[in-house]
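J.: My questions will all concern the structure given below.
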There are 4 protein chains.
Amino acid sequence: LTVDLNCDMGESYGIYTLGNDEAILDHVSSANIACGYHAGNPAIMRKTVALALAKNVAIGAHPGLPDLVGFGRREMTITHQEAFDMVVYQVGALNGFVKAAGGKLHHVKPHGALYNMAALSAGLSEAIAEAVYKVCPEAVLYGLAGSALTKAGKNVGLRTANEVFADRTYQQDGTLTSRRLPNALITDQNEAVKQVIRMVKEGKVLSQQGTEFTIQADTVCIHGDGPHALAFARFIRQTLENESIVVQPIKS
Amino acid sequence: LTVDLNCDMGESYGIYTLGNDEAILDHVSSANIACGYHAGNPAIMRKTVALALAKNVAIGAHPGLPDLVGFGRREMTITHQEAFDMVVYQVGALNGFVKAAGGKLHHVKPHGALYNMAALSAGLSEAIAEAVYKVCPEAVLYGLAGSALTKAGKNVGLRTANEVFADRTYQQDGTLTSRRLPNALITDQNEAVKQVIRMVKEGKVLSQQGTEFTIQADTVCIHGDGPHALAFARFIRQTLENESIVVQPIKS
Amino acid sequence: LTVDLNCDMGESYGIYTLGNDEAILDHVSSANIACGYHAGNPAIMRKTVALALAKNVAIGAHPGLPDLVGFGRREMTITHQEAFDMVVYQVGALNGFVKAAGGKLHHVKPHGALYNMAALSAGLSEAIAEAVYKVCPEAVLYGLAGSALTKAGKNVGLRTANEVFADRTYQQDGTLTSRRLPNALITDQNEAVKQVIRMVKEGKVLSQQGTEFTIQADTVCIHGDGPHALAFARFIRQTLENESIVVQPIKS
Amino acid sequence: LTVDLNCDMGESYGIYTLGNDEAILDHVSSANIACGYHAGNPAIMRKTVALALAKNVAIGAHPGLPDLVGFGRREMTITHQEAFDMVVYQVGALNGFVKAAGGKLHHVKPHGALYNMAALSAGLSEAIAEAVYKVCPEAVLYGLAGSALTKAGKNVGLRTANEVFADRTYQQDGTLTSRRLPNALITDQNEAVKQVIRMVKEGKVLSQQGTEFTIQADTVCIHGDGPHALAFARFIRQTLENESIVVQPIKS
């Protein structure tokens, strides 16, 4: 049994520091690196790519909406064409740093509102998947497990990874509970890891409505900011390995 | 005898239109496409790449300083590392669109203040040249004829192109007359083309100080905005061909 | 009978020019000046304020969403607090130029998607109205005729102006036909002016669904860009005056 | 004997936090609040203004160069007109929040590279001073002690404050030692405070070249970020008061 452990990274900006990338990289198998739209700037991108390469962590692009002040978390009514364009731009830019460092782009995972909007929109997902395919056909597309995004990825010819969340709760329709609602986050670390292990081993998760549904867990998202992020990264990695689940990147 | 005719393109932004790219593309052999820092946005980049491909014009990246409101024309005291990073970012981003369209990135030409600063700084030029080489080693680096930038390009292992200007006057040290000075621009079209033909045929140009100096003219920059840009593009192309000078891209 | 004729202005940006402000200002009684978020930059704001003052046109702030590349036309899921904050910021900034020029801020009109979102949301409208009131309580708040925005303005203690559109068609619920739909625009100038005159004189307008509804026309929005903008401005002004309708700013 | 203790504040941005404003405000008498160009965004501006008002600290605008990624620390070749415009814009914007909160703008202090460039340029200083005077003639202009900026402020009719630095060393020409040089910073807290007390009491400071020069210390800049910022703020306030120096805002 294997699973990928991914974390958003490179979300600092200029003088501002967010997260604890260097330490977290010791515990994850893939890194989603911000591309300058919702976070990240060229210097941060270069440094984060170098860190991931040095620690042998698979490198992904993490394109977001053009909204630095809102950290890419505010939905915008973009057209499918605009989504295509902004993904090409950001994946291309990150790929520049990956090539400059002698690495290889492994995956793409949309960020924040773009990720959430794509999960629910076939058209938006097709645009994103097509953008990834045209810039980097060998990349793996990460999307919410069972969502429109992974479907669109498969349709366009990409390898895809169904992503699940350790510290987020689920609705009965398979979407994440909105951060605006209470109970969106699982704050108990044991509970969070238990949810993940069940998703990986049994392919099942319990929704907030009390119903259970089937979920495919190819990659698990953990968060890199917050005071407990590093401890949790260490804990989930250790616990997964104790359960004989091998943590490794998605095969591309 | 051959020469390349290049023009800055894709310098529109969102709702704003600058230049007459589609028509100009009929007359030039290479296009320098803005990458979103001084001008251009993803939609414009995609469209401009598609136009250039359709018209068989060689595609270049045109990275600039991060200064949209100043159109990349205001010098900034950036470090060499910052120059490296912003070139990697922008060349990577444009390359995304080139790959998505099934094309090939042919060259890189820094824009505005970045171009001018590089012409005079060996360190800055090395940083830029290294960035280009690491992202796209087969690209041609365009720089001011005889400047630090073309030297740095050669040193790092890139093919380079010495760029001359049709409508700009020269100082005796080989630099362009600053736009802040009178006589910076050659407004008479015949005079402008004569200057170019002499540079191409004889390798010589007359400076504002009355002295002549040697110059290598691999590529000629013409401007795409202004009311007479299109007529001038047609005129210089025609005149060069009448002089049996073949207009074609730099061999990469 | 009186009516105000307003036009969005100062929507150029850096090197980019949009509209024909100087000429249009001869025909309108109030100008809505972009504040740097969807368009405009400090130099443009200063110049536009000076032009409006010189031509004795009432000066308004035209705050928009922070989306230069989308010209403030893409909806964003901002909170009411974010709306409050971005209006305070932009109105304050424009007011800086108005004070520096020795003028007086006359009104505020939200732009594009912010205007449209406010028209339909009481909460958003309250936030905007409160922002205007707190920065400039004597300003007139312009909003879609009969919308949540003008209601919120009145509630908070502002003078308000019901805005109608010359060249846009209406839905039976009093909203403008979306620009994404056909028939959103009235391209025939006579038809456009007739719609306005009827709104001013009779307080009625015909919807796209064929029903008529009551509308209060305090101020008429005309557009400053497009090839026919200037001719139309001249035409509507002339026609209104021929109908003995006095064109003058809203009393503040 | 009195002196003002000022600190740059509101330099967080969106999700990013910088400094420890709330705690530092207990120890300073005036706050320079970022205006969105080098740092700060509308939400941060509003919150910082509210904090300063609540703690009875004098509120100033802290306009910078339009360079968020470089934190306004990179020099740009702006024209005097551009400097005027960007100061009007930013002071106006901050003033919006001050008015909305029922406060009064007390002073303006340029940030980073703009501050340093102004200190050495009479023309740039005149442009900045004129901008402040036209938007808010009752504001105090803070500038490097004895620099072109305070001179220009006086000439235009503003009250000015000569600013000295606790933790920076001086050159014999009265400028600050560049941060790029070693010994730019005074890291020993006792030494830093001693330098300040001598400047306040005797009007003298020792330069890095070993020569002493006369300096007028109306206001002392302390820094709000860094691990020791809060402790130092407490320490300098306490030590000044122990020396019978009253810490209070500049009279405006």
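The values are calculated or read from the model by the stated rules, or taken from the named source; none is laboratory data. None of these values were measured; they are calculated from a predicted model. Here the Cβ positions follow ideal geometry from the backbone for every residue, glycine too, while neighbour counts run over all protein chains shown.
J.: In the stretch D:195-212, which residues are farther than 18 Å from D:Asn183 by Cα and in contact with a strand residue (DSSP E or B) (Cβ under 8 Å, 6 or more places away or on another chain)?
T.: Initially, the stretch D:195-212 is screened for residues farther than 18 Å from D:Asn183 by Cα, giving D:197-204.
Listed by number, the residues that qualify are D:Arg198, D:Met199, D:Val200, D:Gly203, D:Lys204.
J.: Related question: Kindly indicate whether B:Val108 is within 8 Å of chain A (Cβ to nearest Cβ) and farther than 30 Å from D:Ala83 by Cβ. Outline the logic, then answer.
T.: Numbers: within 8 Å of chain A (Cβ to nearest Cβ): no; farther than 30 Å from D:Ala83 by Cβ: yes.
Taking the combined requirement at face value, the residue does not satisfy it.
J.: If D:Gly102 meets every condition in (1) at positive phi; (2) surrounded by fewer than 16 Cβ atoms within 10 Å (Cβ to Cβ); (3) touching a Ser or Thr at 6+ places or on another chain (Cβ under 9 Å) apart from one, which number is that one?
T.: Exception for D:Gly102: condition (3).
J.: Answer yes or no: is there a residue in the stretch C:29-38 that is among the hydrophobic types (A, V, I, L, M, F, W, C), in contact (Cβ under 8 Å) with a residue 40 or more places away in the chain and touching a Pro at 6+ places or on another chain (Cβ under 9 Å). So that I can check it myself, show each step before the final result.
T.: Applying the first criterion (among the hydrophobic types (A, V, I, L, M, F, W, C)) to the stretch C:29-38 yields C:31, C:33-35.
Retained after the next criterion (residues that are in contact (Cβ under 8 Å) with a residue 40 or more places away in the chain): C:33-35.
Remaining after also requiring touching a Pro at 6+ places or on another chain (Cβ under 9 Å): C:34-35.
Yes, the stretch C:29-38 has at least one match.
J.: Residues of the stretch D:167-189 being in a loop (DSSP other than H, G, I, E, B), touching a Leu at 6+ places or on another chain (Cβ under 9 Å) and surrounded by fewer than 22 Cβ atoms within 10 Å (Cβ to Cβ), which ones? Walk me through how you get there before you give the answer.
T.: First pass over the stretch D:167-189, keeping only residues in a loop (DSSP other than H, G, I, E, B): D:167, D:169, D:171-175, D:177-184, D:186-188.
Still in the list and also touching a Leu at 6+ places or on another chain (Cβ under 9 Å): D:167, D:169, D:174-175, D:177, D:179, D:184.
Once the filter is applied, which keeps residues that are in a loop (DSSP other than H, G, I, E, B), touching a Leu at 6+ places or on another chain (Cβ under 9 Å) and surrounded by fewer than 22 Cβ atoms within 10 Å (Cβ to Cβ), the stretch D:167-189 yields D:Thr169, D:Gly174, D:Thr175, D:Thr177, D:Arg179, D:Ala184.
J.: Same structure again: Can you confirm whether the stretch B:121-131 contains a residue that is at pLDDT 95 or above, closer than 20 Å to B:Asp218 by Cα and either more than 17 Å from the chain's Cα centre (by Cα) or not in a helix (DSSP H, G or I) (or both)?
T.: no
J.: Moving on to the next point. Among the residues of the stretch B:203-216, is there at least one that is surrounded by 15 or more Cβ atoms within 10 Å (Cβ to Cβ), more than 14 Å from every other protein chain (Cβ to nearest Cβ), outside any loop (DSSP other than H, G, I, E, B) and touching a residue at least 60 places away in the same chain (Cβ under 8 Å)?
T.: Checked against the condition, which is being surrounded by 15 or more Cβ atoms within 10 Å (Cβ to Cβ), more than 14 Å from every other protein chain (Cβ to nearest Cβ), outside any loop (DSSP other than H, G, I, E, B) and touching a residue at least 60 places away in the same chain (Cβ under 8 Å), the stretch B:203-216 yields no hits at all.
J.: Which condition from (1) more than 25 Å from C:Asp26 (Cβ to Cβ); (2) among the small types (Gly, Ala, Ser); (3) not in a loop (DSSP other than H, G, I, E, B) is the one that C:Ala192 breaks?
T.: (1)
This table checks each residue for (1) at pLDDT 95 or above; (2) under 21 Å from A:Asp8 (Cβ atoms).
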| site | (1), (2) |
| --- | --- |
| A:Ser178 | no, yes |
| A:Pro182 | no, no |
| A:Ala217 | yes, yes |
| A:Ala229 | no, yes |
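J.: Same structure, new question: Output yes when any residue across the stretch B:70-90 is surrounded by fewer than 24 Cβ atoms within 10 Å (Cβ to Cβ), under 27 Å from D:Asp67 (Cα atoms) and of a type in the set (Lys, Arg), and no when none is. Before you say what the answer is, go through the steps one by one.
T.: Pass one, the stretch B:70-90, residues surrounded by fewer than 24 Cβ atoms within 10 Å (Cβ to Cβ): B:71, B:73-82.
Now narrow it down to the ones that are under 27 Å from D:Asp67 (Cα atoms): B:71, B:73-82.
Those still in the list that are of a type in the set (Lys, Arg) too: B:73-74.
There is at least one residue in the stretch B:70-90 that is surrounded by fewer than 24 Cβ atoms within 10 Å (Cβ to Cβ), under 27 Å from D:Asp67 (Cα atoms) and of a type in the set (Lys, Arg).
J.: Give the number of residues within the stretch D:219-252 that are over 17 Å from D:Met199 (Cα atoms), of a type in the set (Ser, Thr, Tyr) and part of a helix (DSSP H, G or I).
T.: Here the count works out to 0.
J.: Let me ask another. Within the stretch A:158-176, take every residue that is of a type in the set (Val, Ile, Thr) and in contact with a helix residue (DSSP H, G or I) (Cβ under 7 Å, 6 or more places away or on another chain) and give me the one that is modelled with the lowest pLDDT. Before you say what the answer is, go through the steps one by one.
T.: So the first thing to find is which residues in the stretch A:158-176 are of a type in the set (Val, Ile, Thr), and the list is A:160, A:164, A:169, A:175.
Going one step further and asking which of them are in contact with a helix residue (DSSP H, G or I) (Cβ under 7 Å, 6 or more places away or on another chain), we end up with A:160, A:164, A:175.
Values: A:Thr160: 98, A:Val164: 97, A:Thr175: 87.
Only one residue fits best here, namely A:Thr175.
J.: Checking the condition touching a helix residue (DSSP H, G or I) at 6+ places or on another chain (Cβ under 7 Å) and under 21 Å from C:Thr160 (Cβ atoms), which residue from C:Ile24, C:Ile59 passes? Give the steps one after another, and end with the answer.
T.: Numbers: C:Ile24 fails: under 21 Å from C:Thr160 (Cβ atoms).
Result of the check over C:Ile24, C:Ile59: C:Ile59.
J.: Here are the criteria: (1) within 14 Å of chain D (Cβ to nearest Cβ); (2) surrounded by fewer than 20 Cβ atoms within 10 Å (Cβ to Cβ). Tell me which single one C:Lys55 does not satisfy.
T.: Just one mismatch for C:Lys55, condition (1).
J.: Can you go through D:Gln238, D:Gln195, D:Gln248 and tell me which one is under 20 Å from D:Gly60 (Cα atoms) and at pLDDT 95 or above? Walk me through it before giving the result.
T.: Numbers: D:Gln238 fails: under 20 Å from D:Gly60 (Cα atoms); D:Gln195 fails: under 20 Å from D:Gly60 (Cα atoms).
Selected residue: D:Gln248, the only one of D:Gln238, D:Gln195, D:Gln248 that is under 20 Å from D:Gly60 (Cα atoms) and at pLDDT 95 or above.
J.: Say whether the condition of being aromatic (Phe, Trp, Tyr), under 16 Å from A:Cys136 (Cβ atoms) and either touching a residue at least 24 places away in the same chain (Cβ under 8 Å) or within 14 Å of chain A (Cβ to nearest Cβ) (or both) is met by at least one residue in the stretch B:90-99.
T.: Our first condition is that a residue be aromatic (Phe, Trp, Tyr); within the stretch B:90-99, this holds for B:97.
If we keep only those that are under 16 Å from A:Cys136 (Cβ atoms) too, we end up with B:97.
Next, from what is left, pick out any that are either touching a residue at least 24 places away in the same chain (Cβ under 8 Å) or within 14 Å of chain A (Cβ to nearest Cβ) (or both): B:97.
Among the residues of the stretch B:90-99, at least one is aromatic (Phe, Trp, Tyr), under 16 Å from A:Cys136 (Cβ atoms) and either touching a residue at least 24 places away in the same chain (Cβ under 8 Å) or within 14 Å of chain A (Cβ to nearest Cβ) (or both), which makes the answer yes.
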